[in-house]
1. Please work out which residue is modelled with the lowest pLDDT, limiting yourself to region 482-512 and to residues that are small (G, A, S) and surrounded by fewer than 21 Cβ atoms within 10 Å (Cβ to Cβ).
2. Any residue in region 167-177 that is farther than 19 Å from V228 by Cβ and part of a helix (DSSP H, G or I)?
3. Would you mind finding the one in A406, A415, A432, A421 that is at pLDDT 95 or above, within 26 Å of G312 (Cα to Cα) and either not assigned by TED's automatic domain parsing to the domain that holds Q343 or not hydroxyl-bearing (S, T, Y) (or both)?
4. Identify all residues within region 482-509 that are part of a helix (DSSP H, G or I) and either touching a Cys at 6+ places or on another chain (Cβ under 6 Å) or among the β-branched types (V, I, T) (or both); write none if there are none.
5. Please find, among L437, L457, L449, L478, the residue that is farther than 19 Å from V358 by Cα and either of a type outside the set (V, I, T) or at pLDDT 80 or above (or both).
6. So which residues in region 191-218 are closer than 28 Å to G106 by Cβ, out of contact with any Ser or Thr (no Cβ under 9 Å at 6 or more places or on another chain) and not small (G, A, S)?
7. Checking G267 against (1) part of a helix (DSSP H, G or I); (2) surrounded by 20 or more Cβ atoms within 10 Å (Cβ to Cβ); (3) not β-branched (V, I, T), which test does it fail?
8. If I filter region 202-216 for residues that are surrounded by fewer than 16 Cβ atoms within 10 Å (Cβ to Cβ), closer than 22 Å to F80 by Cα and in contact with a Leu (Cβ under 6 Å, 6 or more places away or on another chain), do I get at least one hit?
Amino acid sequence: MFNGTWLLIRLMLRQQRFKFFVWLTGLVGVTLAAASAYPSMYPDSQAKQAFAITMKNPAMIAMVGPGYEKDAYSAIGALFANEMLLFTAITAAIMNILLVTRMTRGDEEDGRTEMIRSLPAGRLAYICASGIIIVSLNVMLAVITGAGLMSLGIDSLDAESSFLYGSILAGTGLVFAGFTAVFAQVAETSRGTSILAFGTLIIAYLLRAFGDVKSDVLSLISPLGWTVRTNVFVNNHWWPVYLFLLLTIGLIAVAFWLQSIRDLNAGFIPAKNGRVHASPFLLKPFGLILRLQQTNLLIWGISLFSLSAAFGFILGDLENYFSDVAFIESMLKDTPGGNLTDQFISLLMAIMALISTVPSIMAVMHVKGEETKHRTENIYSRAISRTHLLSSYLILAIAVSYIMQALVALGLWAASLGVMADPLTLQTIFSAAFVYLPAIWLITGIGVLLIGLLPTLTPFVWAFVFYGFVTVYIGSLLDLPNWLNNLSVFEHIPQLPAAEMDVTPISWITGIAIAAMVTGIIGYQKRDLKG
């Protein structure tokens with residue numbers, strides 16, 4: 001059953017080593033950089049107590065989890081954990097979902113698992129190798145994060161607390177790795193696996209958010225509810241880590257059992273039967289592309305609308321709760337003019353634009369996946385040019401950017417109507433959202449450029465998104481020099497509604513985006529295709 005596991009581990013490590021390195025260094029690096037900035041952010045008891053008051057706000061509790069006792073905030077570690085733990089743990093969960101999906105159902109879809117199974121390899125060797133690698137990666141995350149936090153020499157970041165913090169990240173990640181391993185047996189495709197896994201993550205977050213505000217029982221149903229109940233750096237409760245391990249073991253056992261009884265390339269949830277007669281819309285490349293991606297895009301749209309609406313509900317109390325909070329002030333200090341609400345919306349729109357960039361990039365990157373799987377050969381066997389096909393993907397990506405930003409604006413505006421005495425106009429919100437479209441187009445254009453000229457380097461486009469998030473979300477917190485901040489295109493966008501509109505950077509960014517797109521299409525037309 002497990003014959004060949006160690007050889008498969010070596011093979012998978014060679015295939016995925018770059019992803020492992022990027023995820024590990026990114027998570028640990030951001031965690032340590034943020035932790036080192038907190039003593040200067042909260043230098044005195046007044047700043048710490050202002051934060052303690054903020055954590056009584058139900059909106060903040062829903063976003064980051066329940067606060068500590070008021071006296072606990074005298075320790076820097078309590079402030080750091082309250083603001084950073086949940087979202088860092090969610091990032092660890094996302095890492096595990098993506099990696100497990102790739103190493104299980106993804107490899108099965110690509111035919112690698114079938115090839116391995118034709119050799120003297122055990123039926124469970126592939127999933128066993130994936131599990132060993134993922135567990136090892138999370139253990140490394142826990143150990144390196146714990147050792148790094150302890151080495152900072154900050155009061156309250158002692159050895160036990162630091163390693164508990166790292167263990168929480170690893171435990172949360174392992175639970176969602178277990179869920180993903182189960183869903184990889186249930187669903188027939190990697191896309192179905194991802195949808196089920198990310199859906200579980202979203203449900204876990206919503207259960208925790210509602211439970212933390214209304215009912216602890218609901219929150220304790222969610223693994224993310226366990227994450228925020230460790231009281232790390234104060235009371236150091238280890239029981240959530242033990243629960244993570246027990247649930248992970250149970251999920252892995254279920255995944256192994258399902259793997260042992262199912263057929264290769266099959267799933268326990270069969271694919272839905274299609275229509276007897278296809279729509280005429282599918283006769284065109286754009287129609288086919290849209291049909292293949294519509295489920296993912298629908299989920300992204302609903303998620304972005306819901307997330308922006310959740311932020312809209314806190315706008316009414318923004319001035320009261322956030323005016324004296326160092327964390328918010330540090331993020332907004334480079335935002336010129338306007339009241340706190342305008343500045344917060346400017347920051348929020350930058351973050352939401354970064355999130356909207358993800359489905360836009362995924363829409364255009366789909367062509368690279370289809371090429372790798374040799375499916376584009378069927379399209380090119382007909383009277384369809386490469387320019388036509390890639391342009392169709394690009395048009396969809398641009399349309400997605402418009403739609404996602406519109407949903408962000410609508411969600412924020414609709415939710416704010418009921419909580420603000422003087423609501424912002426729809427035009428103001430839409431302007432603040434749409435001003436980031438050129439930045440989204442530029443990163444999408446870089447993706448097209450890589451597809452056309454350097455197809456093996458296409459994953460590097462995600463580095464631009466990650467770096468943009470670092471500069472927008474914690475750039476001021478880390479006190480990065482201007483030249484490092486300016487490497488992100490999002491730093492050059494006018495921060496509406498707090499700042500005045502400036503068409504010069506918008507024009508330059510749009511022009512560069514168009515040039516990158518055109519160059520990528522020309523390169524794609526001339527280069528050799530895989531297969």
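1. That would be A499.
2. Yes - at least one qualifying residue is present in region 167-177.
3. A406
4. V489, V503, T504, I506, I509, listed by residue number.
5. Selected residue: L478, the only one of L437, L457, L449, L478 that is farther than 19 Å from V358 by Cα and either of a type outside the set (V, I, T) or at pLDDT 80 or above (or both).
6. Within region 191-218, just L201 meets the criteria.
7. For G267, the exception is condition (1).
8. no
The values are calculated or read from the model by the stated rules, or taken from the named source; none is laboratory data. From a predicted model like this one, the values you see are computed outputs, not experimental measurements. All Cβ positions, even for glycine, are placed from backbone atoms using ideal geometry, and neighbour counts span all protein chains on display.
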